[in-house]
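The values are calculated or read from the model by the stated rules, or taken from the named source; none is laboratory data. Small disclaimer: the values here were computed from a predicted structure and weren't measured. In this analysis, Cβ positions are derived from the backbone assuming ideal geometry, glycine residues included, and neighbour counts consider all displayed protein chains. Please note that ligands, DNA and RNA were not included when accessible areas were found on the heavy atoms of the full protein model with its side chains. Shrake-Rupley method; radii C 1.70, N 1.55, O 1.52, S 1.80 Å.
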Amino acid sequence: MKYGDIFKALRTEKKLSQQELADQMQINRSTYARYETSQTQPDFETLAKLARFYDVSIDYLLGHSDTKHTYTALTPTQKSILDFFENSPSLSFDETEAETLQKALEDLETYYEFLKFKAQKRPSDENH
């Protein structure tokens, strides 16, 4: 199934018109209509918004999985982290910056592992 067919099926399940959905996603109706006809692909930010709105995984939206892994399966902390990145314009990347985004995610993962290690240290270890 093409991603456009999936978008249309999800929208009709919610009994929304293209205009109603576009208004909720804050995009033009014609842009969303092109998604449903698979003429154009949404950017990363829009994919994330749609996945949360429909409560499905991005893989499901794109037709890479038949399983609807839901956004609600995330912990509140994971959701807040995703929301933080989505709502921080200075942290957003567009599709032309894929390498930069990949490097930033790798750096973030490294820093996160460092913070976990630091939090696990016992107070007596910090005096040495």
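Among the residues of the stretch 59-76, which ones are open to solvent by less than 90 Å² (accessible area, probe 1.4 Å) and modelled with pLDDT of 70 or more?
ASP59, TYR60, LEU61, LEU62, GLY63, SER65, THR67, LYS68, THR75
Test THR31 against the stated conditions and say whether it is closer than 30 Å to ALA104 by Cα and either open to solvent by 90 Å² or more (accessible area, probe 1.4 Å) or in a loop (DSSP other than H, G, I, E, B) (or both).
Criteria not met by THR31.
Considering each residue of the stretch 1-13, count those that are open to solvent by 50 Å² or more (accessible area, probe 1.4 Å) and either closer than 16 Å to ILE58 by Cβ or under 20 Å from the mean Cα position of the chain (by Cα) (or both), and give that number.
Residues flagged as open to solvent by 50 Å² or more (accessible area, probe 1.4 Å) and either closer than 16 Å to ILE58 by Cβ or under 20 Å from the mean Cα position of the chain (by Cα) (or both) within the stretch 1-13 amount to 4.
Spot the failing condition for GLU20; the list is (1) modelled with pLDDT under 95; (2) in a helix (DSSP H, G or I); (3) open to solvent by 20 Å² or more (accessible area, probe 1.4 Å), and only one is missed.
Only one criterion is unmet by GLU20, namely (1).
List every residue pair whose Cβ atoms lie under 6 Å apart, where the two residues are 6 or more positions apart in sequence or sit on different chains, the first residue falls within the stretch 31-49 and is of a type in the set (Lys, Arg), and the second residue, located anywhere, is outside any helix (DSSP H, G or I).
Qualifying pairs under 6 Å: ARG34/THR40.
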